[in-house]
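Data block below; observations after.
The values are calculated or read from the model by the stated rules, or taken from the named source; none is laboratory data. None of these values were measured; they are calculated from a predicted model. Here the Cβ is made from the backbone with ideal geometry for all residues, glycine too, and neighbour counts use every protein chain on show. For the accessible areas, the whole protein counts, side chains as well, though only heavy atoms, and no ligand, DNA or RNA atoms are used. Shrake-Rupley method; radii C 1.70, N 1.55, O 1.52, S 1.80 Å.
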Amino acid sequence: MFNIHRKKVSKLSLAIVLAVVVSTSYLYAQREREIYLPDHDSKPYYFGITLGLNLSRFQTEHHTRFFEDDSAYVAEPTNNGGFQLGLLATGRLSPRFELRFNPQLIFAERNLFYKLKYKDPYEETDSVTKKLESIITSFPIQIKFFSDRIGNFRVYMLGGVKADLDLASNARAKKAEDLVKIQKFDYGIEAGIGFNFYYQSFILSPEIKISNGLRNVHNRDKNLIYSSVLDRIRSRMIVFCVHLEG
């Protein structure tokens, strides 16, 4: 029930952020003002920077040992926040479509919560949270689809693929009796929506997207209590970011 409630809160927060952005966008579009950067849509390419916040978690699947062995009553992921920054290179394909490369450095924390039958010898408690901190270099390639420009505002949607490299991966750790080992490489898909606000010398683009890993990044060890009860682990992330484009 706690896990279901947390998911509802996350969805509500996402809906509130989206509603605020849409409302601000509508008010901005209704204001009569000078048209900024009128020639920007004719540029074959342009660049920018990215600043963002993320809400990260793992999607887990229990191994059959979880149901056969009562050493762990609960093994579930938790939501955790992080931040990221990156560069932006965009090339125009047509008046409606653009190709974007957005390499980023992501700082994320994706934890796992366990409720044990016996106390953990390291933590000396039966409730344990394993912190899995990641420093990820992400290389997403996306296609953007634009609406018509209304004054100094327009909406776009995006979708694409990504390749991630976790620089803090513990997959090769030797002393790992109390660890859940996560592999270094991952790949996945992304989809989102964004808004362009044109100003005199730059474009401000708030964006929200879902980024899901497709690969099983769990390096399972059947001899470890925290690793053995889990089978597949995949990454999940909701990202709210702001692009400054020129």
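When the dipole is taken about the Cα centre of region 78-228, and only Lys, Arg (+1) and Asp, Glu (-1) are charged at their Cβ, what size is it in debye, to the nearest 20?
Approximately 380 debye in magnitude.
Can you work out D for region 128-173 in µm² s⁻¹ from Stokes-Einstein, where Rh is the Kirkwood radius over C-alpha pairs, the temperature is 25 °C and the viscosity is 0.890 mPa s?
Calculated translational D: 174 µm²/s.
Give the calculated FRET efficiency between Asp41 and Glu61 to the nearest 0.05, with a Förster radius of 45 Å applied to their Cβ-Cβ distance.
E(calc), rounded to 0.05, equals 0.50.
Kindly provide the Kirkwood hydrodynamic radius of region 32-93 in Å, to one decimal, from all pairs of distinct alpha carbon atoms.
After inverting the pairwise mean of 1/r, the radius is 17.0 Å.
Hey, with R₀ at 51 Å, roughly what FRET efficiency would Phe101 and Thr129 work out to, going by the Cβ-Cβ distance, to 0.05?
Computed FRET efficiency for Phe101 and Thr129 comes out at 0.90.
Can you compute the modelled spin-label distance between Ala89 and Arg232, with each label point 7 Å from Cα toward Cβ, in nm?
3.4
How far, in nm, would the chain grow between Ile49 and Asn216 when pulled straight, counting 0.36 nm per residue and subtracting the alpha carbon separation?
So the chain would gain 57.1 nm between Ile49 and Asn216.
Apply the Karplus curve 6.51 cos²θ - 1.76 cosθ + 1.60, θ = phi - 60°, to the phi angles in region 209-218 and return the couplings in whole Hz, x for Gly and Pro.
Result, ordered by residue: 8, 10, 10, 10, x, 9, 8, 6, 9, 7 Hz.
Cross-link list Lys131/Lys184; Lys144/Lys184; Lys162/Lys184; Lys131/Lys222: which exceed 18 angstrom alpha carbon to alpha carbon?
The pairs that break the limit, which is 18 Å between Cα atoms, are Lys144/Lys184; Lys131/Lys222.
As an exercise, use a Förster radius of 25 Å and the Cβ-Cβ distance of Met157 and Gln183 to find the FRET efficiency, rounded to the nearest 0.05.
The formula returns an efficiency of 0.20 here.
I need the phi-derived Karplus couplings for region 183-199: 6.51 cos²θ - 1.76 cosθ + 1.60, θ = phi - 60°, integer Hz, Gly and Pro marked x.
Computed from phi, the couplings for region 183-199 are 6, 6, 9, 8, 9, x, 10, 9, 8, x, 9, x, 9, 9, 10, 8, 10 Hz.
Could you tell me how many cubic angstrom of Cα convex hull volume region 122-246 has per residue?
131
Among the aspartates and glutamates, select those whose C-alpha is under 20 Å from the C-alpha of Lys181, and discard any that sit fewer than 8 residues away in the same chain.
Qualifying aspartates and glutamates at Cα under 20 Å: Glu61, Glu76, Glu109, Asp120, Glu123, Glu133, Asp164, Asp166, Asp221, Asp231.
Over region 105-167, average the accessible area per residue using a 1.4 Å probe and give it in Å², no decimals.
Per-residue accessible area for region 105-167 comes out at 49 Å².
Going from most exposed to least, what order do Asp164, Asp39, Asp221 have by accessible area with a 1.4 Å probe?
Output order, biggest surface exposure first: Asp39, Asp221, Asp164.
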